[in-house]
Amino acid sequence: MLKTSVTIYTDGACSPNPGIGGWGAVLISKGHNLRTELSGSEVDSTNNRMEMTAAIKALEALKKSCVVKLYTDSS
């Protein structure tokens, strides 16, 4: 049996850095035609922390074992 494949796109930012931060993630499962959007914020954070939070929260949202492709703009 093939595992479900999920593509995740994430982003995070702060203004100023450090300062108020936000993160977002979109999870797409084409095989099941599902799309989930997640987001959050913190009063005192950094851009790197928000980038990592987006990825972590997206992975935590997965309900079962699956193949994941994770895309972020952080280098």
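The table below lists the values:
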read-out: Sole exception among (1) in contact with a strand residue (DSSP E or B) (Cβ under 6 Å, 6 or more places away or on another chain); (2) closer than 10 Å to residue 12 by Cβ; (3) of a type in the set (Ser, Thr, Tyr) for residue 74, by number; value: (1)
read-out: Residue, surrounded by the most Cβ atoms within 10 Å (Cβ to Cβ), within region 13-33, restricted to residues that are farther than 18 Å from residue 69 by Cα and free of Cβ contacts under 8 Å to residues at least 12 places away in the same chain; value: 15
read-out: Residues (within 11 Å of residue 4 (Cα to Cα) and over 15 Å from the mean Cα position of the chain (by Cα)) located in region 34-66; value: 64, 65, 66
read-out: Number of the condition not met by residue 2 [criteria: (1) of a type in the set (A, V, I, L, M, F, W, C); (2) in contact with a strand residue (DSSP E or B) (Cβ under 7 Å, 6 or more places away or on another chain); (3) exposed (fewer than 11 other Cβ atoms within 10 Å of the Cβ)]; value: (2)
read-out: Options 36, 72, 10; residue that is touching a residue at least 24 places away in the same chain (Cβ under 8 Å) and either crowded, with 17+ Cβ neighbours inside 10 Å or among the acidic types (Asp, Glu) (or both); value: 10
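Values in this text are rule-based calculations from the coordinates and carry no lab data. From a predicted model like this one, the values you see are computed outputs, not experimental measurements. As a convention, Cβ positions derive from the backbone with ideal geometry for all residues, glycine included, and neighbour counts pool all protein chains shown.
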